[in-house]
Every structure is written in C-alpha cells, then in structure tokens.
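The values are calculated or read from the model by the stated rules, or taken from the named source; none is laboratory data. What you see is a predicted model; the values in this text were computed from it and never measured. Quick reminder, even Gly has a Cβ in these numbers, built from the backbone with ideal geometry, and neighbours come from all protein chains shown. Just the protein is used for accessible areas: all its heavy atoms, side chains included, with ligands, DNA and RNA removed. Shrake-Rupley method; radii C 1.70, N 1.55, O 1.52, S 1.80 Å.
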Amino acid sequence: MTDQALGQAQPQRINLLKVLGPAHVWALGVGIVLVGEFMGWNFSVGKGGAFGSLIACWVIGLLYTCVAMIDSEVTSTVAAAGGQYAQAKHTIGPLMAFNVGLYLVMAYTMLEAADALVTGDLIAIAAAQFGHPGLDPRPFVVLTIALLALLNYRGVFMTLSVNFVITAAAFTSIVILFIGVQPWNPGAVLQHQGLLTDLPYGWIGVLAAFQFGIWYYLGIEGTCQAAEEVRSAGRALPLGTMSGIITLLIAASLTWYITTGLIPWEYLGQDLAPLYTASTLTGSTVLHVFLFVGTIFSAVASANGCINDASRAWFSMGRDRYMPVWFGAVHPRYRTPFRAILFLIPIAVSFAFTGLLDQVITFSILSGLLGYTFMPINMHKFRKKWPLGSIRRGYVHPWHPLPAIVLLSLCTATYFAVFLGYGVQLLAMIGFYIVVSLWFAFHRYKYVRRGDQFTMPWPRPLGY
Amino acid sequence: MAQKYDPPKQSGLGQFIDSFFLMALVYAALLLPILLGLTGGATETVLPDGVTQIEAEDGTVTWQGLTWESLGQNPTMQAQWEKLGYDVEAAAEIITTRFDYSIAPLSLLITAIAIIGYFIFLVTMSEKEYREVIAEKFDARR
C-alpha cells in the first residue's frame with residue numbers, strides 16, 4: 001500500500017476528493033442527528049415533563065438555528081476539513097483549535113458508540129418479540145461499526161449517498177407514523193387530553209430539560225466537516241445545513257406530538273426507543289415494522305455520519321501535528337483519511353462496551369455544548385479580524401451579533417441545566433479538558449509548525 | 001522579522017505514547033464519576049400520601065395503599081401503562097422516581113468558576129500562540 005503521510009516532506013500533497021453536493025451535506029447533518037428523535041430526546045421529558053420537553057425542543061431549536069447561521073458563514077469561508085477546528089485555527093489560535101478538535105472527536109465517537117448500542121439492543125428486543133429471547137446484542141454492535149468503517153474507508157461519496165437514502169427512509173417512517181396515528185381525529189389513537197399534565201417540576205424542570213433537548217439536534221454542525229469535500233462550499237454548506245435544521249425542527253415536533261399522545265410522561269422520560277414504543281401502542285403491525293426499520297436506519301445513519309466526522313477532525317489534527325502526524329494520511333486510491341477512520345473504530349467499540357451509556361451520552365452532549373460555546377467567541381473574532389468586505393465570504397449571516405449573543409446565553413442556561421442532576425459529570429468533563437489543554441500547551445505544541453497553521457489565502461488579520 | 005520555528009521530529013514511540021495518554025485521560029474522565037459513586041441523574045423516591053414502600057432484606061419491595069389514583073394516574077394513563085405491560089406496582093417504581101433539583105450554592109460556584117476559568121485560559125493562551133502563528137506566516141524568514 002502506498003499511502004502518504006501529510007505533513008512530511010512530500011513532492012505532492014494528496015487531498016480529499018471534492019465530490020459532494022447539498023444533498024450529501026443534508027444527509028451528513030440530518031443523518032447524524034435524526035437518531036435523536038428515535039432515542040435520547042425523551043430524557044428531557046423525564047427532567048421537565050412533556051410540556052417542559054416541548055419548550056426545551058423549541059428553545060434548543062433556537063440555539064441550533066444560531067449555530068447553523070454562524071457555521072454557515074464561517075465554514076463557507078474556511079473551506080477545510082475539520083470544520084470548526086479549522087475555523088478555530090484561523091480565528092482564535094492553536095490551543096482553542098486543539099480543544100475544538102477534541103470536542104468534535106469525543107462528541108461524535110461517543111455518539112457513534114451510543115448509536116451502535118441502540119442498534120444492537122433493538123435487534124435483541126425484536127428477536128425477543130419474535131420468540132428468541134436472550135440474544136446477545138454485542139456482535140451486532142461490532143458488526144455495525146465494522147461495516148460502516150469499511151464503507152467510510154472506501155470513499156466519502158458512497159458513504160454519504162447511502163446516508164442520504166437511509167436518512168430519508170428514517171424520516172419517512174416518522175411521517176408515516178404521524179399519519180398512522182390520525183392527528184386529524186384526536187382521541188381515536190392519540191390521547192393528549194388524558195396524558196398531558198402540568199409541569200411536574202415547575203419552570204426549573206423546563207430549564208433542566210434543556211440538557212436532553214440538545215439531543216433533538218446534536219451533530220447538525222457536523223455538516224462543516226464536509227467543507228473540504230464539497231464541490232461548492234458557498235452553496236452546498238448553507239443550503240445543506242439550513243435545510244437540515246428545518247428538517248430536524250419538523251421531525252422533533254412530530255416526534256413530540258406522537259409520543260406524548262400515546263405514552264405516559266413518566267414512562268416516556270426513561271424509555272429506550274420512544275417512537276418504536278409508540279408504534280407498538282398503535283396496535284398496527286405495519287407501523288411497528290416501519291418504525292423498527294426507521295429506528296435501525298436512523299441509528300446506522302448516525303453512526304455512519306459520526307465515523308465520517310470524527311475521522312475528519314482527528315485526521316485534521318494529525319495533519320497539523322496537534323496529534324501524531326501518522327494520523328494525517330490520505331488513502332492514495334480512495335482519498336479518505338483511512339488511518340483516522342481505523343484508529344477510532346476500536347475506541348468507539350470499547351466505549352460501547354463499557355456499559356456506561358448515560359456517561360457516554362453525557363460526555364457527547366457536553367463536548368457538543370463546549371463546541372457551541374466556542375462559536376460566539378469565534379464569530380466575534382472572525383468579524384473583528386476580517387470585517388465584511390475584507391475577504392470573500394460564501395455566505396453572510398444576518399443580524400450579527402444577535403445570533404452570537406443568543407447562542408452564548410442559551411449555552412449558559414444549558415450548562416446550568418446539565419448541572420441540575422449531572423453536576424459531577426460536568427465537573428469531571430471540564431477537568432478532563434483542562435488537563436488535556438495543559439498537556440497540549442506545555443508538551444504537544446512544540447511539535448506544531450507555527451506558520452503552517454494559517455492556510456487560508458487571506459490578508460493579515462486586523463490588530464496583528 | 002520573525003524567525004521560522006522548526007519543530008522537533010517525534011519518534012514513533014512518542015507518537016504512540018501521546019495517543020495512548022489522551023485515550024487514557026478520556027477513560028479516566030468517564031470512570032471517575034463511577035468510582036466516586038456519583039453517576040447518573042440525582043434522583044429520589046417520592047411517595048404519594050397514603051402509600052408506603054417496604055423493602056425486605058432480600059431486596060424485594062412491597063407496597064401498601066398503592067392504587068393508580070394514588071399515583072395520580074387517570075383511566076387513560078392507566079390504560080396506556082397496561083398496554084405497555086405494566087401493572088400498578090411496576091409502574092410505581094418509575095412514577096415515584098423524581099429528580100432532585102435542590103441546588104448546593106458552593107457546588108454551583110465551583111462549577112461556574114471551572115467553566116469560566118477554562119475558557120479564559122483557552123482564549124488567553126490561544127491568543128499568545130496565535131500571535132506567533134501570524135508573525136511567522138506573514139513575517140517569517142528562514
């Protein structure tokens with residue numbers, strides 16, 4: 001195999017292929033996130049009740065709208081693999097970039113582990129329902145991750161084309177369930193009148209629900225990881241990202257409406273796969289089968305997108321020597337970051353096998369939240385260092401700095417939400433990021449080429 | 001004019017150790033709350049008036065005074081619980097488990113200081129490194 005490690009002295013640098021369009025960007029973003037409608041979001045019902053979860057869904061939807069607006073402007077301008085990591089390198093500095101890269105790797109690798117666990121568990125549940133109880137889900141976990149890794153290894157175009165098909169199928173299963181529960185005929189199937197209650201914890205429960213409200217949308221910012229592989233960054237990224245967030249807002253609203261009309265909130269707040277459970281409660285075998293397939297597809301699509309995104313972030317850090325340069329290699333034939341893909345696979349499997357699903361999910365959410373907190377700082381510095389008109393932007397988001405201010409405020413509220421019930425985990429994660437930051441600043445940074453970090457053909461930033 | 005920085009070459013063993021160290025830290029962060037016995041959401045059991053729960057030495061739980069009405073469940077809710085395969089005692093285990101949202105001010109203060117301090121450190125240190133990057137990119141000579 002004649003691979004080439006980037007960063008070493010080479011006569012010609014192999015780049016990732018530019019083959020993706022807006023539909024692939026949509027498939028990457030929605031594919032990662034849609035599983036959040038099938039599992040995980042409902043823990044927000046447990047923390048704040050059904051209405052608390054709905055308010056969290058909308059408020060956190062606003063948070064992600066700000067994320068998508070900011071990301072669309074910066075990524076369409078900084079078109080490089082690594083997404084927010086590449087942005088941080090150009091606007092804030094290496095230590096921030098290292099942290100942002102790690103947020104991405106941790107958020108996606110742990111989400112991938114959770115997706116694979118859900119796939120295995122759901123297959124075991126279905127096997128039990130068909131008369132084969134006690135099926136060990138672990139081989140399915142390994143098989144899922146291994147097959148998706150192979151797909152990612154062989155090329156990004158096929159990977160995201162597959163994601164487009166299975167994500168669209170999973171979204172369609174939600175729409176079919178929505179039609180199947182006859183929303184035009186309240187009381188026939190849906191029982192909102194009898195099931196909806198007042199806020200069980202009052203308004204503090206609504207705030208606490210923000211933590212898992214993030215699960216409705218976690219990962220949509222992953223569209224930025226495709227920046228180096230899209231044919232037109234200025235068109236594909238804003239179009240794919242904004243249409244993705246609209247799709248998710250629709251899916252989240254439908255999901256809330258269906259499940260709260262069928263499942264008591266106390267059960268819903270701790271269920272493994274609420275849409276699947278809702279389908280079983282309709283008594284329809286057709287809906288049951290559709291939602292089984294939809295849930296599996298959503299988990300597989302998410303794991304697939306996570307492998308794609310985590311490997312791009314890890315690859316980018318290797319290429320820049322933030323991590324060992326060995327990871328910064330592109331496959332000479334498939335043009336994929338194959339070493340980064342392969343390295344992260346056993347790690348994802350081992351996270352899945354720790355059995356610490358709630359820890360893994362919380363680490364993923366917190367890594368995502370830290371990444372969102374970086375964005376307002378990033379946006380402020382980006383506009384300050386390169387004001388409008390000083391460089392060519394693919395897209396300019398409106399109402400700056402309002403989205404950045406709203407985003408920072410909502411991030412602060414969400415930290416408080418995580419503190420309510422998961423304060424120890426929050427401190428442990430922050431402790432982890434503080435230790436690795438010290439490790440980078442005082443050890444790892446010595447291997448980094450300084451001027452090579454700035455790769456965009458931009459003028460010198462204002463004030464430097 | 002700034003001098004171009006030439007980083008040392010890292011050995012294969014050094015690259016392996018750095019990767020291993022980072023992953024070991026991730027596992028430590030995951031496992032630390034477990035070792036401290038402080039995982040998951042902070043929950044408590046809240047029993048409705050007139051309902052008591054007795055736990056035997058072998059861990060089996062028996063309920064007294066337990067009805068769907070005492071758990072605040074109306075006939076619609078009861079019907080859905082039963083469709084899910086839960087009787088009143090099994091449902092009570094879930095319904096009576098509630099989050100505890102009492103706030104310890106000192107703990108909140110420590111958490112806030114940790115998060116704010118972390119970001120201040122990141123921005124400050126990054127700014128120092130960024131100035132080196134810009135100086136080398138735009139001014140450097142070999």
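Numbers at a glance
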{"quantity": "Residue in region A:322-333 that is touching a strand residue (DSSP E or B) at 6+ places or on another chain (Cβ under 7 Å) and of a type in the set (Val, Ile, Thr) present", "calculated": "yes"}
{"quantity": "From A:Leu402, A:Leu408, residue being more than 14 Å from every other protein chain (Cβ to nearest Cβ) and aliphatic (A, V, I, L, M)", "calculated": "A:Leu402"}
{"quantity": "Residue identified as among the hydrophobic types (A, V, I, L, M, F, W, C) and in contact with a Leu (Cβ under 7 Å, 6 or more places away or on another chain) among A:Val418, A:Val448", "calculated": "A:Val418"}
{"quantity": "Meets criteria (within 14 Å of chain B (Cβ to nearest Cβ), among the hydrophobic types (A, V, I, L, M, F, W, C) and closer than 19 Å to A:Val30 by Cβ) for A:Ala273", "calculated": "yes"}
{"quantity": "Failed item in (1) open to solvent by 60 Å² or more (accessible area, probe 1.4 Å); (2) at pLDDT below 95; (3) more than 7 Å from chain A (Cβ to nearest Cβ), with B:Lys137 passing the rest", "calculated": "(3)"}
{"quantity": "Close pairs from region A:159-174: first farther than 15 Å from A:Leu249 by Cα and among the aromatic types (Phe, Trp, Tyr), partner part of a helix (DSSP H, G or I) and open to solvent by 10 Å² or more (accessible area, probe 1.4 Å), Cβ under 8 Å, at least 6 apart", "calculated": "A:Phe164/A:Ala23; A:Phe164/A:His24; A:Phe164/A:Trp26"}
{"quantity": "Residue list for region A:320-347, filter: buried (at least 18 other Cβ atoms within 10 Å of the Cβ), part of a helix (DSSP H, G or I) and either at pLDDT below 90 or not charged (D, E, K, R) (or both)", "calculated": "A:Val325, A:Trp326, A:Phe327, A:Phe338, A:Ala340, A:Ile341, A:Phe343, A:Leu344, A:Ile345, A:Ile347"}
{"quantity": "Residue within region A:430-449 that is facing another protein chain (nearest Cβ under 7 Å), at pLDDT 90 or above and not in a helix (DSSP H, G or I) present", "calculated": "yes"}
{"quantity": "Residue in region A:295-317 that is of a type in the set (Asp, Glu), under 20 Å from A:Val33 (Cα atoms) and more than 9 Å from every other protein chain (Cβ to nearest Cβ) present", "calculated": "yes"}
{"quantity": "Neighbours by Cβ (under 6 Å, 6+ apart or cross-chain): first from region A:310-332, touching a residue at least 60 places away in the same chain (Cβ under 8 Å); second among the basic types (Lys, Arg) and open to solvent by 10 Å² or more (accessible area, probe 1.4 Å)", "calculated": "A:Gly328/A:Arg319; A:Ala329/A:Arg339"}
{"quantity": "Unmet criterion (only one of (1) closer than 23 Å to A:Tyr201 by Cα; (2) facing chain A (nearest Cβ under 9 Å); (3) at pLDDT 90 or above; (4) touching a Gly at 6+ places or on another chain (Cβ under 7 Å)) for B:Leu108", "calculated": "(4)"}
{"quantity": "Extreme residue, farthest from the chain's Cα centre (by Cα), among residues of region A:241-258 that are among the small types (Gly, Ala, Ser) and open to solvent by 10 Å² or more (accessible area, probe 1.4 Å)", "calculated": "A:Ser253"}
{"quantity": "Output for region A:259-272, where each listed residue is buried (at least 24 other Cβ atoms within 10 Å of the Cβ) and out of contact with any Gly (no Cβ under 8 Å at 6 or more places or on another chain)", "calculated": "A:Thr259, A:Thr260, A:Leu262, A:Ile263, A:Pro264"}
{"quantity": "Single unsatisfied condition, A:Ala114 versus (1) modelled with pLDDT of 90 or more; (2) within 14 Å of another protein chain (Cβ to nearest Cβ)", "calculated": "(1)"}
{"quantity": "Selected residue [within 30 Å of A:Ala113 (Cβ to Cβ) and of a type in the set (Ser, Thr, Tyr)] from A:Ser409, A:Ser390, A:Ser437", "calculated": "A:Ser437"}
{"quantity": "Filter result for the condition that a residue is more than 10 Å from every other protein chain (Cβ to nearest Cβ) and without any contact (Cβ under 8 Å) to a residue 12 or more places away in the chain, over A:Gly423, A:Gly368, A:Gly394, A:Gly389", "calculated": "A:Gly389"}
{"quantity": "Residue match in region A:348-355 (condition: open to solvent by 40 Å² or more (accessible area, probe 1.4 Å) and in a loop (DSSP other than H, G, I, E, B))", "calculated": "yes"}
